[in-house]
Amino acid sequence: MNKKILLVEDEPGLVLTLSDRLCKEGYAVDHAKDGERGLEMALGGAFDLIILDVMLPRKTGLDVCRDLRQQGMTTPILMLTARAQVVDKVLGLKLGADDYLAKPFDMLELLARVEALLRRPSSTTGNPTYPTYQNGLLRVDFRSVTVWRDGEKVALSAREFQLLQYLIEHRGETVSREELLKDVWGYDATPNTRTVDVHVAWLRQKIEDDPKHPQFIHTVPGFGYRFAG
């Protein structure tokens, strides 16, 4: 069965170009031209990926992303941002987006991002070797894809959960940013590893009591990260 993609974009030319290319790549594409309709379709349909523009009429992409995550939806979200809007990129990741791409972008790069987000890394999907992890106030249920901290449910994006699961499965080991990009993001190569650092920072905000002095996700200077516990 073809993977289903929801494209939420209001530029007709870009919609036509993206829809045509994604369909040629074998994906099934639905389209919404404003944020409110995009939110409605995302909540009402079974999509494998959402491509979400930031600047949308009626409801911004950032608001749509936030609302989807608040309602517990873990579908991967790829946000499209204006090149100069670094704040949009960071805020989008904070609100639960899994990746972002700046306009104007190369079509091959977008297709690579789409493929990576849809890929199911064997190390972070399927049947885990154990159903739950618990350490102090942190509890992770891998089967239901649910995280609690101090009894409160924590809303994570699909990418954040995959990152957390990977770190837990490799707890006690130091894993490099390049390993995380390859095994969690599915990227074979990338010019920088800032996206890992940003996701780790937001994950700490959600699971750590004191993100500045983390109990679980430790930085190993010059190498990467290590999950302790």
Next item on the list: Please report, largest first and rounded to whole Å, the three semi-axes of the ellipsoid equivalent to the chain, where each semi-axis is the square root of five times an eigenvalue of the C-alpha gyration tensor.
Entry: 30, 18, 17
Item checked: Mean Cβ count within 10 Å, highest first, over the residues of peptides 37-48, 19-30 -> 37-48, 19-30
Note to self: 7 Å from Cα along Cα→Cβ at both residue 119 and residue 60: what's the point-to-point distance in nm?
What the structure shows: 3.2
Margin query: Check which residues have an amide H placed less than 5 Å from residue 99's amide H, if you skip close sequence neighbours.
Written below: 77, 79
Next item on the list: Calculate for the chain the 222 nm mean residue ellipticity that helices alone would give, adding -39,500 (n - 2.57) per DSSP H run of length 4 or more and normalising by residue count, nearest 500 deg cm²/dmol.
Entry: -11000 deg cm²/dmol
Margin query: Compute the helix-to-body angle for 158-169: its Cα long axis versus the longest principal axis of the chain, expressed 0 to 90° and rounded to tens.
Written below: 20
Next item on the list: Give the dimensionless ratio obtained when the Cα radius of gyration of the stretch 133-223 is divided by 2.2 N^0.38 Å.
Entry: 1.06
Margin query: List the lysines whose Cα sits under 18 Å from the Cα of residue 206, skipping any in the same chain fewer than 8 residues away.
Written below: 94, 153
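Coordinate-derived values only; no laboratory data. All values derive from a computational prediction rather than experimental measurement. Don't worry about glycine lacking a Cβ; one is built from the backbone with ideal geometry, like all the others, and counts go over all protein chains shown.
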